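Report on one structure; see the data block that follows.
The values are calculated or read from the model by the stated rules, or taken from the named source; none is laboratory data. Bear in mind that the values here come from a model prediction, so they are computed numbers and not experimental data. Note that each Cβ is placed from the backbone with ideal geometry, even for glycine, and that neighbours are counted across all protein chains shown. Keep in mind that these areas ignore ligands, DNA and RNA; they rest on the heavy atoms of the full protein, side chains included. Shrake-Rupley method; radii C 1.70, N 1.55, O 1.52, S 1.80 Å.
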Amino acid sequence: MSLLSERQKEELHKSMLEYLRANNFTSAYNALKEETGVEYTPDPKAKYAGLLEKKWTSVIRLQKKIMDLETRNASLQEELSLAPSKRAAMQADWVPRAPAAHVLTGHRQSITRVAFHPQYSLLASASEDATIKIWDWETGEFERTLKGHQKVVNDVEFDHKGHLLVTCSADLFIKIWDSQNEWKNIKTLTGHDHAVSSVRFLPGDQYIVSASWDHSIRIFDVASTHLVRTIRGHTDWVRCVTPSDDGRLLASASKDHTGKIFDPLTGEQKMELRGHEHQVEIICFAPIASYDAIRELAGIPNTDRTKRPGVYAATGSRDKTIKLWDTQSGQMLKNLAGHDNWVRALVFHPSGKLLLSASDDKTIRVWELSTGRCIKTVEAHTHFVATLAWGRQRVSGKANGADGGDSKPGEEKLVNVVASAGVDQMIKIWLP
């Protein structure tokens, strides 16, 4: 069905005929005249002379004007968003944007991992230069260097109180450092037969879980440093291991192209997540706040009101994709494609509505979970981005927080700060 009235159609046809005649397109002129059946007598003084060209140039002028207005509008919106009253309202949906607030330099080789202190404005970074560095992310100041590992430090994490820091290395050792006692190396754990690639405190902080190039996952008792359990299931290097919030599940990612879900108490494999076409670099459980958005994305009826941790997980791979999974059935719910290189890090937004990813394509991408769309790309680094972390510090309701938009005054929220780092040896701190 045409959008034009009969009169508008006739005017358009006559304008086209005049344009074809004026440019000596005789065959096209005759064909159009015959097809349309329009009675047209050329007249250089008639209103159709040059009408098509005039309309066309005015459309281009209008398009340019609209684009200029849209740019101006975006600029004004940005200015408004920086106003204190607006900034507070937007805090719940804050995501990193360039430029970074601080750029921390000091490591002499690639940075492998960053981790936030859960209470203070401290950040720990691990590097291929065999050191760990402690920084104040609020001021951007360097605090100290921790030395003890002999080779690449692959991972670093604080316990839930921030009293202890755990690190692991290609030197086969896991080390625990006391943040309350001059950051001394108070314990060294052994047990792996090859480079240790990942380490995490289990909820409660009595145990740590580690993953290694020796294809195993191991659980250690922090107090005694004894090896409690060895979990085998992967057929190649285990890149990453992480516990669910209640500690009842472990998720691992491996060079064998799979993610796996294990029971830490028995070592039993609960599920295999198979679908990536290359090494799986990273795996993380989705927070409960994101369940509604993930169900909407996957078309899962919202009759399932499960609020148990560990129901969904996300993986990032060298096949350049991110996949979302149902950990109970092993079903892949959604494939998120957009990065141009290996996906190295994933972190869920505290609101539960977004997922942030970092890649060897030097960018951080922000994905809207309910639609699976990439809604923002931040040109973050000058080289591969290896790690990404969201601040763990909790702040009162009216402060710079991000845990959902409808929190009441006095409620705690996660602080709005993101850190990224990688092969360019720079840590970037992203703040509102």
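For this structure, a couple of remarks:
- Computed FRET value (nearest 0.05) for THR36 with ASP236, which takes r as the C-beta separation and R₀ as 60 Å: 0.30
- In loop segments of segment 1-65 as defined by DSSP, the chymotrypsin sites (Phe, Trp or Tyr not before Pro) with at most 15 further C-beta atoms inside 10 Å of their C-beta are PHE25.
- Partners for LYS147 among aspartates and glutamates (Cα-Cα distance below 19 Å; same-chain residues under 8 apart left out): GLU128, ASP129, ASP136, ASP155, GLU157, ASP171, ASP178, GLU182
- Once the chain from ILE375 to ALA28 is taken as fully extended at 0.36 nm per residue, the excess over their C-alpha distance is 120.4 nm.
- Note on segment 6-72: dipole from Cβ charges, positive end direction compared against TRP56, LEU32, HIS13; the farthest Cα belongs to TRP56.
- Remark: segment 6-72 carries 81 Å² of accessible area per residue (probe radius 1.4 Å; ligands, DNA and RNA excluded).
- For ALA98, net neighbour charge (Lys/Arg +1, Asp/Glu -1) across residues whose Cβ lies under 15 Å away: +2
- Of the GluC sites (Glu not before Pro) in segment 198-288, the ones in a loop by DSSP (not H, G, I, E or B) with at most 10 other beta carbons within 10 Å are GLU277.
- Helical runs (DSSP H, four residues minimum) scored at -39500 (n - 2.57) apiece and divided by the length of the chain put the mean residue ellipticity at 222 nm at -5500 deg cm²/dmol.
- Given (i) 1.35; (ii) 1.17; (iii) 0.98, the label whose value is Rg/Rh (Cα atoms, Kirkwood Rh) derived from this model: (ii)
- Lysines with Cα under 25 Å of LYS376, excluding same-chain neighbours fewer than 8 positions away: LYS64, LYS86, LYS320, LYS323, LYS334, LYS353, LYS362, LYS413, LYS428
- FRET efficiency for THR382 and ASP171, using Cβ-Cβ distance with R0 set to 25 Å, rounded to 0.05: 0.30
- A 1.4 Å probe run over the protein chains yields, for segment 131-275, 42 Å² of accessible area per residue, whole-number rounding.
- Computed on protein heavy atoms with a 1.4 Å probe, the accessible areas place LYS64, LYS14, LYS270 in the order LYS64, LYS270, LYS14, largest first.
- The apolar share of the surface of the chain, taken as the fraction of accessible area on carbon and sulfur atoms (1.4 Å probe, ligands and nucleic acids excluded), comes to 50 percent.
- Label-to-label distance for LYS54 and ASP340 is 4.6 nm, based on points extended 7 Å past Cα in the beta-carbon direction.
- Test item: Cα-centred dipole of segment 6-72, Lys/Arg +1 and Asp/Glu -1 on Cβ, debye: 400
- In plain terms, the chain from THR306 to SER5 could stretch by 102.7 nm, reckoned as 0.36 nm per residue minus the Cα-Cα distance.
- Space enclosed by the convex hull of the alpha-carbon atoms of segment 270-350, per residue, Å³: 91
- Under 5 Å between amide hydrogens, built in the peptide plane, is the criterion, and for ILE231 it picks out ILE217, ARG218, ILE219 among residues at least 5 positions away or on other chains.
- Sum of side-chain charges, GLU157 neighbourhood, beta-carbon under 9 Å (Lys, Arg +1; Asp, Glu -1): 0
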